[in-house]
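The block underneath contains the structure these notes are about, expressed in structure tokens.
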Amino acid sequence: MGSSKCQFIFRIALVLVIGVALAAASLAPGILPNEDIKCIKDEFFIQTEGINDYFATHPIMQDAFMIFCGLCMDVTMVVGLVVFAIHGKTWRLPITLAMFYFLRFFIQKTFLMRFPEGYLWRYPGFPSLVVPYGQTNDFFYSGHVGGALIMTLEYRTLATELSNHKMMMRAMQIFGFLTIISQIFLMIFLRGHYSIDMITGLIVGHYFYIIACLWAPSFDSMCCKMRKNPEADKLIDRSKGDSETWGSGAHNQKSQIRPN
């Protein structure tokens, strides 16, 4: 009983740390890179030049669009973190977020792109918990669409793990998908990201989520930080079985190609 309470407190503390880190980037954009780099062509920008011009001449509509998308992003991320804090039985989500954002941080410290023409990203008059506003060229890769995708994938998985909250998780999965779409349109129209940033963000987010799903069961078992999770044990056994099958298949393949 005491162990479960300690685990619950630790998850709450972890969520608070993640929330503070996200809020720090949002409320203190000065810590993000803002150098002016030259070059690059984006065909998506060329095809949406008219929409970009519309938002440039209609600041109220621009602010409304940014606030709406920011709120969608806040709900998608915050609900996922809260669910982890209350019902978390595996480190799958923290592992994914850590790999995703640490790699993004490293790339942004070693590679920068110039601000695109028509760059309209600014503070819309209403703060966001997880979306940084202001002029920052932390373009590659997009944490907006990548983070939203990670949460959407997590909601899909939780829909099968949390039977008592299946409908809610399915609803959040749909909401997360719509958040991804809204973020893509927002970034393209306002030039908040290049198209390659968002494509790469989706790929990297999905890849790291797959890796975390493979690593998390063994990580949970070794660290012994979570309460007993039968589902995790099943995943570990399945993973071991898959490894043995793969190894056996590789051995048989070598035997077949061995010269007589």
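The values are calculated or read from the model by the stated rules, or taken from the named source; none is laboratory data. On a predicted model such as this, the values are computed, not experimentally measured, just so you know. Methodologically, a virtual Cβ is constructed for each residue, glycine included, from the backbone with ideal geometry; neighbour enumeration extends over all protein chains shown.
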Would segment 202-212 turn up any residue that is touching a Gly at 6+ places or on another chain (Cβ under 7 Å), at pLDDT 95 or above, hydrophobic (A, V, I, L, M, F, W, C) and under 26 Å from residue 158 (Cβ atoms)?
yes
Any idea which residue in segment 129-166 is modelled with the lowest pLDDT, counting only those that are small (Gly, Ala, Ser), surrounded by fewer than 21 Cβ atoms within 10 Å (Cβ to Cβ) and more than 21 Å from residue 51 (Cα to Cα)?
163
Only residues that are more than 12 Å from the chain's Cα centre (by Cα) and of a type in the set (Val, Ile, Thr): list them for segment 64-77, please.
67, 75
Being hydrophobic (A, V, I, L, M, F, W, C) and in contact with a Phe, Trp or Tyr (Cβ under 8 Å, 6 or more places away or on another chain) narrows it down to one residue among 151, 169, 187; which is it?
169
Name the one entry in 196, 184 that is in a helix (DSSP H, G or I) and surrounded by fewer than 19 Cβ atoms within 10 Å (Cβ to Cβ).
196
Conditions (1) modelled with pLDDT under 95; (2) surrounded by fewer than 16 Cβ atoms within 10 Å (Cβ to Cβ); (3) small (Gly, Ala, Ser) -> residue 171 fails only (1)
Name the residues in segment 91-121 that are touching a residue at least 40 places away in the same chain (Cβ under 8 Å) and either within 16 Å of residue 188 (Cβ to Cβ) or part of a loop (DSSP other than H, G, I, E, B) (or both), would you?
91, 112, 113, 114, 115, 116, 117, 118, 119, 120, 121
Qualifying residue in segment 60-75 (condition: out of contact with any strand residue (DSSP E or B) (no Cβ under 9 Å at 6 or more places or on another chain) and outside any helix (DSSP H, G or I)):
no
From 140, 126, which residue is within 30 Å of residue 57 (Cα to Cα) and touching an Asp or Glu at 6+ places or on another chain (Cβ under 7 Å)?
140
